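Chemist: So that we are looking at the same thing, I have put the structure below in structure tokens.
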């Protein structure tokens, strides 16, 4: 009897491109309802979400809950953030209106695309491998890497990245290869956690 394992595994793999777009539509519906006073473009909604650090911003609130959560949900969320970082580095996406799409060169203000921010931190370490006390309040460990502990700031960069990935995909500028697929996969998993 022939072994069809490889063929069945290929058929069983999840294609995250379409589910990510469907999830974005859910997010789009949420923000159009939640921020109903905005009646202009998607960009205005995105900018409002990125700058709304109040309790009204349910996505930011969920982000802040998950980033410090010590249960399996928080661990999975931080792992997905780290995997998104690696996937973005490998895919080297180039959106049309901003220079790059990465945690190392995050665009926080879409209208100032030349101003990029590194959201990844390299804290000083003690001899035992722990983070030096002077840097500890400024960082958050995902799995192996550290990000800024300014969660408002990080969320702003993250949400812009997710929106840019959405744009690249919707406008047909994404190469449907493994590295790009992984970017979409981790954007999907992160957005899923934020919107649920």
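Chemist: Looking at 15, 3, which one is within 19 Å of residue 176 (Cα to Cα) and either at pLDDT 95 or above or not in a helix (DSSP H, G or I) (or both)?
Modeler: Residue meeting the stated conditions: 15.
Chemist: From the residues in region 65-76 that are surrounded by 15 or more Cβ atoms within 10 Å (Cβ to Cβ) and touching a residue at least 12 places away in the same chain (Cβ under 8 Å), which one is nearest to residue 192 (Cα to Cα)?
Modeler: 66
Chemist: Then there's this: Quick one: in region 1-28, which of the residues that are without any contact (Cβ under 8 Å) to a residue 24 or more places away in the chain and within 20 Å of residue 155 (Cα to Cα) is surrounded by the fewest Cβ atoms within 10 Å (Cβ to Cβ)?
Modeler: Checking each candidate, the answer is 25.
Chemist: Can you name every residue in region 36-64 that is at pLDDT 95 or above, surrounded by 13 or more Cβ atoms within 10 Å (Cβ to Cβ) and assigned to a loop (DSSP other than H, G, I, E, B)?
Modeler: Those that are at pLDDT 95 or above, surrounded by 13 or more Cβ atoms within 10 Å (Cβ to Cβ) and assigned to a loop (DSSP other than H, G, I, E, B): 52, 53, 57.
Chemist: Tell me yes or no: at least one residue of region 87-103 is under 19 Å from residue 139 (Cα atoms), in a loop (DSSP other than H, G, I, E, B) and touching a residue at least 12 places away in the same chain (Cβ under 8 Å).
Modeler: Looking through region 87-103, at least one residue is under 19 Å from residue 139 (Cα atoms), in a loop (DSSP other than H, G, I, E, B) and touching a residue at least 12 places away in the same chain (Cβ under 8 Å).
Here is a yes/no grid of residues against (1) more than 25 Å from residue 70 (Cα to Cα); (2) at pLDDT below 95; (3) assigned to a loop (DSSP other than H, G, I, E, B):
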site: 113; (1), (2), (3): yes, yes, yes
site: 129; (1), (2), (3): no, yes, yes
site: 133; (1), (2), (3): no, no, yes
site: 152; (1), (2), (3): no, no, no
site: 160; (1), (2), (3): yes, no, no
site: 165; (1), (2), (3): yes, no, no
site: 185; (1), (2), (3): no, no, no
site: 188; (1), (2), (3): no, no, no
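Chemist: Hey, among 43, 32, which residue is closer than 29 Å to residue 173 by Cβ and within 18 Å of the chain's Cα centre (by Cα)?
Modeler: 43
The values are calculated or read from the model by the stated rules, or taken from the named source; none is laboratory data. The shown structure was predicted, so the numbers you read here are calculated from the model rather than taken from an experiment. As a convention, Cβ positions derive from the backbone with ideal geometry for all residues, glycine included, and neighbour counts pool all protein chains shown.
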